[in-house]
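Structure first, commentary second.
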Amino acid sequence: MLQDSSLVTRQAVETEFDRTVSRDIEAFRAAAKKYSEGGYTDDEFRAHRLRRGVYSQRQLGVHMIRTKIPGGILTADQMDVLADVAAEFANDKGHLTTRQNMQYHFIPLARVADLLHALGKARLTTREACYNTVRNVTASPLAGLLADEVFDVQPYVRMVSLAFLHNELTDNMPRKFKIAFFGGGKRDDMALGIHDLGATAVIRDGVKGFRIVIAGGLGPMPSEAALLDEFLPEDKLVPRIEAVLRLFNQHGNRKNKNKARLKFVVRERGLPWVLETIEANYADILANGGTKTPTIIPEGFGGHRSVDPPHGDGALLPVLGAADPEFDRFLESNVREQRQSGYAIVTVRVPQGNMVTAQMRGIANIARTAGDSLVRVDIDQNLHMAYIPVGNLRRVFAALKAIDMAAAGAGEIADTVSCPGAYSCNLALTKSMNLAAAVSEAVNEYRQPEVRALSVKISGCPNSCGQHWIGNLGFFGNSRKVQGKEVPYYMFMLGGGYDHEGILRYGLSISSIPAKLAPVAARRVIGHYVANREGNESFRDYVLRLKVPFFKTMVEDLAKPLEYAPEWFMDWGDTEQFSLQLGRGECAS
């Protein structure tokens with residue numbers, strides 16, 4: 001009887017969740033119709049769009065749609081739905097972001113509501129993927145798989161994601177609020193320090209809990225996160241987060257969006273005041289109640305499954321021959337053992353996060369037939385599949401090769417990260433994805449381990465959607481006027497990433513360099529690093545030892561060339577002269 005009652009409760013929760021999603025989409029459809037008929041101005045309609053993850057693009061009449069993937073976990077069936085949406089609505093294309101979202105571009109407004117319903121039926125939502133809300137809650141996609149983690153944080157990610165979804169408190173805050181979880185271990189793979197709130201798994205005296213940091217952030221003025229709690233018991237997670245959200249909602253700057261993140265509240269009022277106010281909010285929530293902690297997660301939400309399916313048997317393509325250097329290289333860079341004996345994790349490179357429909361379907365099929373029927377998205381825009389029997393790795397490699405996704409070098413220097421840039425974004429100055437491809441090609445030949453371990457992160461503007469501050473080599477787009485014409489430039493940054501203690505550090509700005517010379521600058525610095533590295537010196541330590549003026553001199557001829565070649569007046573991938581075409585920003589970090 002108890003089991004039946006539990007099933008009824010689950011079904012009721014899922015039914016109400018689906019109804020809420022459907023009602024919200026229909027409310028958007030009605031608002032879009034009113035806007036199309038002249039009943040709303042652009043400003044009046046903007047909030048309706050952004051709450052549902054619908055951005056304007058620099059191209060008139062079409063939109064970018066952002067789909068949240070809580071914790072970066074999808075079921076294979078949901079990946080098939082993402083493929084269906086790409087095929088029906090988005091020219092067979094999708095883009096994975098640095099916050100574990102899938103984005104679709106060039107969607108006419110009249111088709112948006114139908115697209116949202118297609119996602120909603122699979123319990124994928126775009127709600128609050130944009131706007132002044134709690135954005136997609138991110139986490140290590142390998143949670144539950146690694147030997148050195150403290151515990152699997154994914155259940156907590158789903159709980160927090162659901163608690164603050166469609167929540168009046170978080171529906172219209174001063175600005176966005178980003179949350180990330182890390183399962184503990186050797187190195188934080190989620191860059192917790194750049195988030196408004198970061199939670200690291202901790203066990204104290206046999207009790208699960210979290211170390212909490214707050215008020216990190218990137219954008220043009222980056223801030224490192226500050227400590228809130230050394231240990232917060234797991235059952236206090238939702239009320240503690242709500243205490244922080246209440247402070248931000250009340251004291252965040254609603255007049256100046258450029259100073260509206262939580263980090264600015266700390267800068268302006270001081271950390272002691274912020275901590276004191278959070279404690280007061282927390283005490284009030286514990287005494288008088290607040291957001292309820294969800295106890296039932298809808299099937300499919302954040303990849304949740306009430307019953308795990310059997311793992312696949314790897315029955316894909318025929319086994320390859322024994323001698324295959326290409327497979328050996330893939331095995332070296334894209335495969336790692338998981339804590340469950342006999343199984344491996346396969347990482348799939350997705351250049352600049354861009355996929356086509358056939359690749360999405362292929363990945364879903366491999367995950368379903370060879371793994372655990374889950375697809376995992378990381379913040380470096382790659383995919384992971386787990387529970388691959390070690391004996392079936394050759395079959396998986398063959399299947400990936402068939403969909404052109406078997407490139408080796410995952411997580412290495414040629415595996416560059418980039419936001420969409422001026423491909424679609426109103427704020428972007430440059431086409432960052434094209435530069436990312438050019439840099440990837442320029443550094444692909446390096447085989448030294450210390451070089452292969454480096455990261456390259458690129459943004460099309462200073463707002464850091466490509467997370468350029470935390471790349472070993474970082475670039476963000478800007479421009480200069482030369483001979484009366486605009487030239488695309490990039491600020492070149494060095495030394496971001498993790499230090500030898502595993503602490504995330506921000507890079508140092510070197511010089512602004514013409515876009516077409518950015519790969520040259522990267523190769524020049526890397527070559528010098530290889531030739532002048534002292535012992536096992538890390539790249540960051542090398543940068544700090546030689547200091548910014550040294551690197552400015554190293555690239556001075558690139559930053560201030562005596563003559564400009566005609567092609568330098570064009571951005572990467574363009575055949576026409578570069579020009580700034582900025583709109584109202586809706587995507588800034």
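The values are calculated or read from the model by the stated rules, or taken from the named source; none is laboratory data. This is a predicted model, so every value here is computed, not measured. Cβ sites come from the backbone with ideal geometry, for glycine too, and all protein chains shown count toward neighbours.
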Looking at (1) modelled with pLDDT of 95 or more; (2) outside the structural domain of residue 27 (by TED's automatic domain parsing), can you tell me which one residue 110 breaks? (2)
Can you give me the number of residues within the stretch 175-187 that are in contact (Cβ under 8 Å) with a residue 60 or more places away in the chain and more than 19 Å from residue 99 (Cβ to Cβ)? 2
Inspect all residues belonging to the stretch 58-68 and state whether any of them is under 23 Å from residue 362 (Cβ atoms), of a type outside the set (Lys, Arg) and touching a helix residue (DSSP H, G or I) at 6+ places or on another chain (Cβ under 7 Å). yes
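Each row is one residue, and each column tells you yes or no for (1) in the same structural domain as residue 163 (by TED's automatic domain parsing); (2) at pLDDT 95 or above; (3) touching a helix residue (DSSP H, G or I) at 6+ places or on another chain (Cβ under 6 Å); (4) basic (Lys, Arg).
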residue: 236; (1), (2), (3), (4): yes, yes, no, yes
residue: 246; (1), (2), (3), (4): yes, yes, yes, yes
residue: 251; (1), (2), (3), (4): yes, yes, yes, no
residue: 262; (1), (2), (3), (4): yes, yes, yes, no
residue: 267; (1), (2), (3), (4): yes, yes, no, yes
Selection count, the stretch 143-163, where residues are surrounded by 22 or more Cβ atoms within 10 Å (Cβ to Cβ) and outside any helix (DSSP H, G or I): 3
Within the stretch 387-394, identify whether any single residue is part of a helix (DSSP H, G or I), within 29 Å of residue 514 (Cβ to Cβ) and among the charged types (D, E, K, R), and answer yes or no. no
Which of the residues that make up the stretch 547-570 are part of a helix (DSSP H, G or I) and surrounded by fewer than 16 Cβ atoms within 10 Å (Cβ to Cβ)? 547, 548, 549, 550, 552, 553, 556, 557, 566, 567
Note: among 470, 388, 403, 379, just one is closer than 21 Å to residue 525 by Cβ and either of a type in the set (Val, Ile, Thr) or in the same structural domain as residue 331 (by TED's automatic domain parsing) (or both), namely 470
Given the conditions (1) over 27 Å from residue 294 (Cα atoms); (2) in a loop (DSSP other than H, G, I, E, B), which single one is not true for residue 166? (1)
Having 2 or more residues that are charged (D, E, K, R) is the bar; report the strands (runs of 3 or more DSSP E) wholly within the stretch 452-545 that clear it. 473-482, 485-494
Test set (1) more than 22 Å from residue 77 (Cβ to Cβ); (2) charged (D, E, K, R); (3) at pLDDT 95 or above; (4) outside the structural domain of residue 76 (by TED's automatic domain parsing) - residue 127 fails condition number: (1)
I need a count of the residues in the stretch 338-366 that are within 28 Å of residue 151 (Cα to Cα), in a strand (DSSP E or B) and in contact (Cβ under 8 Å) with a residue 60 or more places away in the chain. 3
Residue, surrounded by the fewest Cβ atoms within 10 Å (Cβ to Cβ), within the stretch 213-266, restricted to residues that are in a helix (DSSP H, G or I) and among the aromatic types (Phe, Trp, Tyr): 264
Among all residue pairs at least 6 apart or on different chains, which show Cβ distances below 7 Å where the first residue, located in the stretch 437-448, is within 19 Å of residue 421 (Cβ to Cβ) and the second is polar (S, T, N, Q) and surrounded by 14 or more Cβ atoms within 10 Å (Cβ to Cβ)? 437/352; 439/416; 440/416
Select from the stretch 275-292 the residues that are crowded, with 16+ Cβ neighbours inside 10 Å and either more than 18 Å from residue 199 (Cα to Cα) or not assigned by TED's automatic domain parsing to the domain that holds residue 214 (or both) and list them in ascending order. 277, 281, 285, 290, 291
Looking only at residues that are among the β-branched types (Val, Ile, Thr) and without any contact (Cβ under 8 Å) to a residue 60 or more places away in the chain in the stretch 367-391, which one is nearest to residue 79 (Cα to Cα)? 369
Would a scan of the stretch 304-325 turn up a residue that is assigned to a helix (DSSP H, G or I), crowded, with 18+ Cβ neighbours inside 10 Å and either of a type in the set (Val, Ile, Thr) or within 27 Å of the chain's Cα centre (by Cα) (or both)? no
From the options 198, 206, residue that is crowded, with 21+ Cβ neighbours inside 10 Å, small (Gly, Ala, Ser) and outside the structural domain of residue 470 (by TED's automatic domain parsing): 198
Tell me, which residue of the stretch 571-582 that is touching a strand residue (DSSP E or B) at 6+ places or on another chain (Cβ under 7 Å) and exposed (fewer than 14 other Cβ atoms within 10 Å of the Cβ) is modelled with the lowest pLDDT? 580
Pairs needed: first member in the stretch 12-33, in contact (Cβ under 8 Å) with a residue 12 or more places away in the chain; second member anywhere, exposed (fewer than 14 other Cβ atoms within 10 Å of the Cβ); C-beta distance under 6 Å; at least 6 residues apart or different chains. none
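Name every residue in the stretch 286-303 that is assigned to a helix (DSSP H, G or I) and over 15 Å from residue 17 (Cα atoms), in order of residue number.
Selection gives 286, 287, 288, 303.
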